[in-house]
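Asks: Shown below is the structure under consideration.
The values are calculated or read from the model by the stated rules, or taken from the named source; none is laboratory data. Predicted model only: the values in this text are computed from it and were never measured. Cβ sites come from the backbone with ideal geometry, for glycine too, and all protein chains shown count toward neighbours. Calculation scope for accessible area: heavy atoms of the full protein, side chains included, ligands and nucleic acids excluded. Shrake-Rupley method; radii C 1.70, N 1.55, O 1.52, S 1.80 Å.
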Amino acid sequence: MNTEKDIIIIGGGAAGFFAAINIAERYPKASVAILERGKEGLQKVKISGGGRCNVTHAEFIPSELVQNYPRGEKELLGPFHTFMTGDTIAWFEERGVALKIEEDGRMFPMSNSSQTIIDCFLEEAEKHKVEVLYNHAVKTVKALEHGFTITTSQGDFYAKKLIFATGSNPKIWDILQDLGHRIVPPVPSLFTFDIKDDRIKGIPGVVAKHVDVKVVGTDLESNGPLLITHVGMSAPAILKLSAFGAVALAKLNYNFEIEINFIQQDFATCVEELRNFKQEFAKKTVFNSAQFDLPKRLWKTLVLASKINDQERWADINKRQLDNLAAQLTKALFKVTGKSTFKEEFVTAGGVDLKDINFKTFESKRLPNLYLAGEVINVDAVTGGFNFQNAWTSAYMASASITLP
Ligand SMILES: Cc1cc2nc3c(=O)[nH]c(=O)nc-3n(C[C@H](O)[C@H](O)[C@H](O)COP(=O)(O)OP(=O)(O)OC[C@H]3O[C@@H](n4cnc5c(N)ncnc54)[C@H](O)[C@@H]3O)c2cc1C
């Protein structure tokens with residue numbers, strides 16, 4: 001086997017395949033190889049989106065799209081003007097993979113199977129003569145005057161240009177650090193909150209449709225649906241906080257307090273409304289007359305937490321109880337004592353410092369001819385297809401800016 005290549009891509013995941021196919025298409029005569037440590041590639045694509053692969057998100061305005069990236073918001077704006085959602089859809093469609101939009105904006109292959117995406121990549125790689133070398137774990141990378149020597153578990157390679165698409169891999173970050181890059185220490189992102197509290201005990205599955213959540217003592221806040229789980233809380237209102245607060249919450253060792261406004265109204269307005277209910281529903285028990293479109297089971301636990309028992313009628317409750325209930329509805333405090341994985345979908349914040357990358361080309365500012373794509377960079381997103389969109393965009397930009405003599 002000839003081990004001298006024009007372009008080597010380290011990592012046969014989402015970004016690696018996307019970069020390799022695009023570059024091989026542009027330079028049909030170039031030798032393009034992927035070095036993948038596993039016996040198969042695209043393993044995260046396979047399990048992504050519950051086996052359906054949430055390929056991207058139906059957001060077509062770059063300035064809106066970037067808001068889903070706690071790290072990378074500013075830097076991805078330019079790249080998204082070159083390659084974003086519409087381009088992703090077209091790219092797959094041109095290669096026979098139709099995508100569909102779900103109600104919440106997430107986009108999946110029509111087939112509802114991530115295997116469709118994998119098959120597409122494998123066929124395209126073969127068609128454009130990308131060499132995919134499995135069981136080739138990269139151990140060291142040395143920059144030469146012209147090109148790079150790459151040592152793998154199966155011998156040495158030489159490449160004129162190199163793309164790192166290794167995802168979140170600490171050993172590769174060490175290599176990149178030795179090559180002069182700054183690495184932002186990795187911390188988990190996209191997790192659910194562990195909470196033990198009587199107000200959510202025994203009611204897993206209950207969803208409050210629109211809540212505001214704040215992390216007490218920080219400026220972290222979010223809103224959206226909230227799901228009560230067996231161990232705590234999840235759904236977008238929480239996941240967004242876990243992503244945007246990834247670094248801050250790690251520093252707090254995942255022990256902090258959150259304040260939830262279950263009805264998105266201020267305390268005073270809520271007191272006013274409760275007073276009206278007192279008149280309107282005087283003879284009904286508070287416990288059994290859920291208001292504000294809240295799920296009945298959640299309403300009941302909040303009522304009990306307000307020192308109102310299950311027999312007391314609206315007419316019976318005093319000012320203190322009414323204030324208690326307003327407080328539970330608009331500023332309920334919960335103690336978070338840890339985190340759990342969200343549907344096994346873990347994402348890592350951290351990686352190659354954004355300051356070390358030229359976002360017009362995705363070339364390293366530290367070493368010419370070295371490119372970076374996907375999660376290896378300090379970019380990550382909330383759930384919904386945005387992490388893959390970063391992989392496609394960065395891989396496309398790197399492949400489009402590489403020039404060969
Ligand atoms: C369970 C799960 C579900 C997910 N679902 C979604 C989803 O539906 N939508 C979405 O947008 N995001 C999803 N994500 C996030 C998404 O999978 C990642 O952001 C994306 O895969 C990153 O692509 P990448 O190519 O940068 O890295 P990866 O896909 O991780 O690929 C990196 C590749 O590099 C290889 N590699 C690493 N080190 C070496 C080495 N030393 N030598 C050779 N090869 C090496 C690895 O084996 C791997 O194949 C999900 C993540 C998980 C864990």
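Asks: Got a number for residues in region 114-134 being outside any strand (DSSP E or B) and within 28 Å of the chain's Cα centre (by Cα)?
Replies: Of the residues in that region, 13 qualify.
Asks: With the requirement that a residue be open to solvent by less than 10 Å² (accessible area, probe 1.4 Å) and under 22 Å from the mean Cα position of the chain (by Cα), what does region 392-405 give you?
Replies: W392, T393, S394, A395, A398
Asks: Tell me yes or no: at least one residue of region 392-404 is touching a residue at least 60 places away in the same chain (Cβ under 8 Å) and near the ligand (Cβ under 9 Å from one of its atoms).
Replies: Yes: region 392-404 contains one or more residues that are touching a residue at least 60 places away in the same chain (Cβ under 8 Å) and near the ligand (Cβ under 9 Å from one of its atoms).
Asks: In region 75-113, what residues are assigned to a helix (DSSP H, G or I) and open to solvent by 20 Å² or more (accessible area, probe 1.4 Å)?
Replies: E75, L77, G78, H81, T82, G86, D87, I89, A90, E93, E94 - these are the residues of region 75-113 that are assigned to a helix (DSSP H, G or I) and open to solvent by 20 Å² or more (accessible area, probe 1.4 Å).
Asks: Of all residues in region 170-186 being in a strand (DSSP E or B) and away from the ligand (no atom under 15 Å from the Cβ), which is farthest from K251 (Cα to Cα)?
Replies: V184
Asks: Could you please find all residues in region 1-11 being more than 10 Å from the ligand (Cβ to nearest atom), aliphatic (A, V, I, L, M) and in contact (Cβ under 8 Å) with a residue 12 or more places away in the chain?
Replies: Passing the criteria: I7, I8.
Asks: Only residues that are within 15 Å of the ligand (Cβ to nearest atom), among the charged types (D, E, K, R) and surrounded by fewer than 16 Cβ atoms within 10 Å (Cβ to Cβ): list them for region 12-70, please.
Replies: The answer is K39, E40, K46.
Asks: Could you tell me how many of the residues in region 135-169 are outside any strand (DSSP E or B) and within 9 Å of the ligand (Cβ to nearest atom)?
Replies: Final tally of qualifying residues: 8.
Asks: Test F362 against the criterion of being on the phi > 0 side of the Ramachandran plot and in contact with a Ser or Thr (Cβ under 8 Å, 6 or more places away or on another chain), and give yes or no.
Replies: Judged against the criteria, F362 is a match.
Asks: Go through region 324-352 and report how many residues are surrounded by fewer than 16 Cβ atoms within 10 Å (Cβ to Cβ) and not in a strand (DSSP E or B).
Replies: Selection size over region 324-352: 3.
Asks: A further question follows. With in contact with a Gly (Cβ under 6 Å, 6 or more places away or on another chain) and open to solvent by 10 Å² or more (accessible area, probe 1.4 Å) as the only criterion, which of E375, E363 stands out?
Replies: It is E375.
Asks: Can you name the residue in region 366-391 that is within 18 Å of V32 (Cα to Cα) and under 19 Å from the mean Cα position of the chain (by Cα) and, of all such residues, is farthest from the ligand (Cβ to nearest atom)?
Replies: L372
Asks: Another one. Would you check if E259 is among the acidic types (D, E), open to solvent by 30 Å² or more (accessible area, probe 1.4 Å) and without any contact (Cβ under 8 Å) to a residue 40 or more places away in the chain?
Replies: no
Asks: Also, quick follow-up: I'd like to know if region 40-56 contains one or more residues that are closer than 18 Å to K139 by Cβ, at pLDDT 95 or above and in contact with a strand residue (DSSP E or B) (Cβ under 9 Å, 6 or more places away or on another chain).
Replies: no
Asks: All but one of (1) open to solvent by less than 10 Å² (accessible area, probe 1.4 Å); (2) touching a helix residue (DSSP H, G or I) at 6+ places or on another chain (Cβ under 7 Å) hold for I8; which doesn't?
Replies: (2)
Asks: Provide a single number: the residues in region 198-212 that are over 16 Å from P236 (Cα atoms) and of a type in the set (G, A, S).
Replies: 1
Asks: Hey, can you tell me all the residues within region 378-391 that are in a loop (DSSP other than H, G, I, E, B) and open to solvent by less than 40 Å² (accessible area, probe 1.4 Å)?
Replies: The answer is N378, V379, A381, V382, G384, G385.
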